[in-house]
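J.: Take a look at this one; I'll ask things after.
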Amino acid sequence: MRAVLIENEKGDASSLFIGDVPTPAPRAGEVLVKIKAFGLNRLDIVQRQGHYPPPPGASTILGVEFSGIVTAIGEGVIQCKIGDEVLGLAGGGAYAEYIVTLATHLMHKPAHMSWVQAASIPENFLTAFQTLFLCSNLKAGEDVLIHAAASGVGLAAIQLARHHGARTVIGTASSTEKLDMILNMTNGATHAANYRTTDFVEVVKQATGGKGVEVIIDLVGQSHWAKNIASLALEGRMTLVGFVSGTIVPSVDLMPILVKRLHIEGSTLRSQKAAYQADLIAQFEKQVLHLITGDDGLGPIKTSIHKVYPWTEIQEAHREMEANKNSGKIIAEVV
């Protein structure tokens, strides 16, 4: 089969190329899927640069989310059959014509979804679902602050929080265009702040009557740390999902964490055990998947596609993401 490979095993976007590798075969409990489309994620860039090795036993090929058709099943698989249209999550291997993954890590593609829309869901929506409800224990009526709100995870988190009954959802982003997007979408943010030109702590105070937010979802890291602590309400919960601004905070005042009894947690999805991921996927498929429609659909939660590339233009797709140009998902179609 053909797959996107990395020349000399790591490098910049120009190191990506399509080459030939053996087609994997499913073992017991596994499924072989012919990929129609796959989603790009920032972890793909970090892995391509040589800083994020895949989990033990996972494919070294990039890509953790995809949509496609089941073409072979391993012994003991009862969750799906050959010919089923699916979307799924994997530890790696999605930048390819075929992928092998656990049958428990697949969801049946709703008939109303395109391959592109389906491929945009697994990593972002599962991350948002896990972060909001399993890590942060979001409750109806609470206030939420979501950073990188125009990213795939951010857009998913905004909609899930609103649908779940959050009172206030404040999103931050870096441009007027992105802020307009998160405010005007169905189940969009109730408030927004350009973190480059506005102190989002003040926006939080105004939106919450000075109380602060109960929940923060942060994909940014270092640059937002102090303002995040200031934005949290008493017994607030902050979950760190990413660190695009860096990982080292030069100076930390521990007093507010103690005085406000704050809960701060880190969350990853790719490194979780297979059983945890399978349970998360099952919960999500049962509770949320049927609520998601395409960009022009009528459902309460929508996919958001920034741009679709043929996978032969994977270098340009990576450059688009690295330049932080996307609002929503970048998708590659396998053609």
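The values are calculated or read from the model by the stated rules, or taken from the named source; none is laboratory data. Values in this document were obtained by computation on a predicted structure and should not be read as measured data. For neighbour counting, all protein chains shown are included, and Cβ atoms are generated from backbone atoms with ideal geometry for every residue, glycine included. When the accessible area is computed, the model is the full protein with side chains, heavy atoms only, and any ligands, DNA or RNA have been set aside. Shrake-Rupley method; radii C 1.70, N 1.55, O 1.52, S 1.80 Å.
J.: So what's the back-of-envelope 222 nm ellipticity for the chain, counting only DSSP H runs of four-plus at -39500 (n - 2.57) apiece and dividing by all residues, rounded to 500?
T.: Helices in the chain give a 222 nm mean residue ellipticity of -7000 deg cm²/dmol.
J.: Per residue, how many Å² of accessible area does the chain show with a 1.4 Å probe?
T.: 43 Å²
J.: I would also like to ask the following. Under a Cβ-only charge scheme (Lys and Arg +1, Asp and Glu -1), can you give me the dipole magnitude of the chain about the Cα centre, in debye to the nearest 20?
T.: Here the size comes out at about 580 debye.
J.: A further question follows. Which entries in the list LYS10/LYS302; LYS36/LYS325; LYS109/LYS227; LYS273/LYS325; LYS34/LYS286; LYS227/LYS286 go over 30 Å, if you measure between the two C-alpha atoms of each?
T.: From LYS10/LYS302; LYS36/LYS325; LYS109/LYS227; LYS273/LYS325; LYS34/LYS286; LYS227/LYS286, over 30 Å: LYS10/LYS302; LYS109/LYS227; LYS273/LYS325; LYS227/LYS286.
J.: Taking the Cα atoms of the chain, report the difference between the largest and smallest coordinate on each principal axis, in whole Å and largest first.
T.: Principal extents (Cα only, largest first): 57, 40, 35 Å.
J.: Helices from the chain with mean Kyte-Doolittle at least -0.5 and a Cα length along the axis of 15 Å or more, per DSSP H: which?
T.: Helices meeting the span and hydropathy rule in the chain are 152-163, 274-287.
J.: Please work out the Cα center distance from the stretch 116-175 to the stretch 1-65, rounded to the nearest Å.
T.: Each part's Cα centre sits 27 Å from the other's.
J.: Oh, and also: Using a 1.4 Å probe, how large is the accessible area of GLU322, given in Å² and rounded to the nearest 10?
T.: 80 Å²
J.: Quick one: Debye curve from the C-alpha atoms of the stretch 232-327, no solvent, what's log10 I(q)/I(0) at q = 0.19, 0.21, 0.23 Å⁻¹?
T.: Log10 of I(q)/I(0), two decimals: -1.19, -1.17, -1.15.
J.: Just read off the accessible area of THR71 with the full protein assembly in place, 1.4 Å probe, to the nearest 10 Å².
T.: We get 50 Å² for THR71.
J.: Still on this structure: Taking the full set of protein chains and a 1.4 angstrom probe, give the accessible area of SER223 in square angstrom, rounded to the nearest 10.
T.: 60 Å²
J.: Any chance you could tell me what percent of the C-alpha pair distances in the stretch 72-121 go past 14 Å?
T.: Distances greater than 14 Å cover 53 percent of the Cα pairs.
J.: Where the Cα atoms of the stretch 170-241 are projected onto their three principal axes, how long is each span, largest first, in whole Å?
T.: Cα spread of the stretch 170-241 along its principal axes, largest to smallest: 32, 26, 21 Å.
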